[in-house]
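Please read the structure below before turning to the comments.
The values are calculated or read from the model by the stated rules, or taken from the named source; none is laboratory data. Bear in mind that the values here come from a model prediction, so they are computed numbers and not experimental data. Positions of Cβ are generated from backbone atoms using ideal geometry, with glycine treated the same way; all protein chains shown enter the neighbour counts.
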Amino acid sequence: MEYEQLAAEIIHSVGGADNIASVVHCATRLRFKLNDNTQADKEQVNALEGVIAAVESGGQFQVVIGNHVNQVFRAVMVTMGNEEVVKPIEKKTKDGVLSVFIDLISGIFTPLLGIMAASGILKGGLALAIAAGWTTTDSGIYQLLFAGSDALFFFFPLALGYTAGMKFGGSPFVTMAIGGALVHPTMIAAFDASQVPGYEALTFLGMPITFMNYASSVMPIIFAAWVSCRLEPMFNRILPSAIKNFFTPLLCIVVTVPLTFLVIGPAATHASQFLAHGYELIYAASPVVAGLIMGACWQILVIFGLHWGFVPILLNNMAVMGSDSMMPLLVPAVLAQAGAAFGVFLMTKDVKLKAIAGSASTAGLFGITEPAIYGVNLPKKRPFIIGCISGAIGAAIIGYFNARVYSFAMPSLLIFPQVIPPTGVDITLWATVFASILSIVLATVLTVMFGQVNGDVRSAAHDTVKTKVS
């Protein structure tokens, strides 16, 4: 595949370089923020060789590439002049609240998904090694690798500070410094001391400081970064040019850090706890029903880009409670789409579709479902529906056994070590394995039997997926 040619064709089809306000990528998609979405030719993008689908979602024009997205993104950057593409967006229409929220969440968390998944896999592997008796928590190899696996999540406010600062249009290093203050050893020591009876509270200008444990926290730094990024342009306007390069960051830190420890941090922490416990109350009412709903609807949410709204809940559950019950429910939903795509691979007489379905089903096993959804199952309709039904059945089983993950994980075959509880292997792991395999097999068999794979001879690669969040 000629990535440079594809990049040039994509840029031309979305209205040219001048119409691109920003572009980032996730595991499978180029995510364009355009100055004017009406200049983008969706049909033309869909017709490009190497493009699976074009989707408008969350205020973004998204081009689904698949496993080659990294190479295409680099080619886009080279074609654009190898510059970071971030320009002022010329607003022509007002985005809805939901679109703004989804765009915000995806912008903050997408850059971190790769390293989050890698850290989670390493943590899960260490849990498996402990459960199998291959090593102990006192060994040097465990402690070194655990430090590597836990560092991102312990210092999560720093990473989120950077990405939130980028998304809010401020200086990411200033907001990263604010995040660093939340997990600074001095503040952690102060939090530990505040848990001892008789502790004399520290004050700031006479106001008592309420210390919280901000390690691994999510919400406090996002709100703090927003405040800093609102203050930054104000300071830039009023300060002389000769000093604003260093006085603007100084004032942002001097104002935002105390404000965060006094107001933003405690308020956001209480909101985080309320959100986590609220989710647990809803889930506990009927884990089986929760599994049915999440297993059936997750990939539908992915199509419309609404799944990003659940990312803060997942991470917040991990930060507040140390585990999460939602992620295991998503595994059958993902794997069932891979199984449905494999069913299409087995039955289709279309040589091109068979090639797409084969690679898409493999990618789906490792959590990348967009090629299966947009390139195979959704254009054929029935395989997608079968995948949703099979995913619901598997997720209901997982909900019944109340499986949880104990470190961040992407829903895929790689999730199983993260399901192992700190107390060791139990029935929840085997239930997750069984339900996941059942979802794959069920989706494959039902697609072969009822998928009507050869009922439409059009190449799925050129079908237009018409989904838009208004």
I'm checking my understanding of the structure. Among residues of segment 149-166 that are of a type in the set (Phe, Trp, Tyr) and in a helix (DSSP H, G or I), which one is surrounded by the most Cβ atoms within 10 Å (Cβ to Cβ)? Phe156
Hey, does segment 241-261 have a residue that's surrounded by 16 or more Cβ atoms within 10 Å (Cβ to Cβ), at pLDDT 90 or above, closer than 25 Å to Leu314 by Cβ and outside the structural domain of Phe310 (by the TED database)? yes
Among (1) crowded, with 21+ Cβ neighbours inside 10 Å; (2) under 15 Å from Leu292 (Cα atoms), there is one condition Asn402 misses while meeting the rest; what is its number? (1)
Pull out all pairs, ordered by first then second residue, where Cβ-Cβ is under 9 Å, the residues are six or more apart or on different chains, the first lies in segment 163-188 and is outside the structural domain of Leu113 (by the TED database) and under 15 Å from Phe109 (Cβ atoms), and the second is surrounded by fewer than 18 Cβ atoms within 10 Å (Cβ to Cβ) and at pLDDT 90 or above. none
Somewhere in segment 14-22, is a residue under 26 Å from Phe366 (Cα atoms) and surrounded by 22 or more Cβ atoms within 10 Å (Cβ to Cβ)? no
On the given criteria, is Ile141 without any contact (Cβ under 8 Å) to a residue 12 or more places away in the chain, more than 24 Å from the chain's Cα centre (by Cα) and not in a loop (DSSP other than H, G, I, E, B)? yes
Considering each residue of segment 167-216, count those that are surrounded by fewer than 21 Cβ atoms within 10 Å (Cβ to Cβ), farther than 16 Å from Val263 by Cβ and polar (S, T, N, Q), and give that number. 6
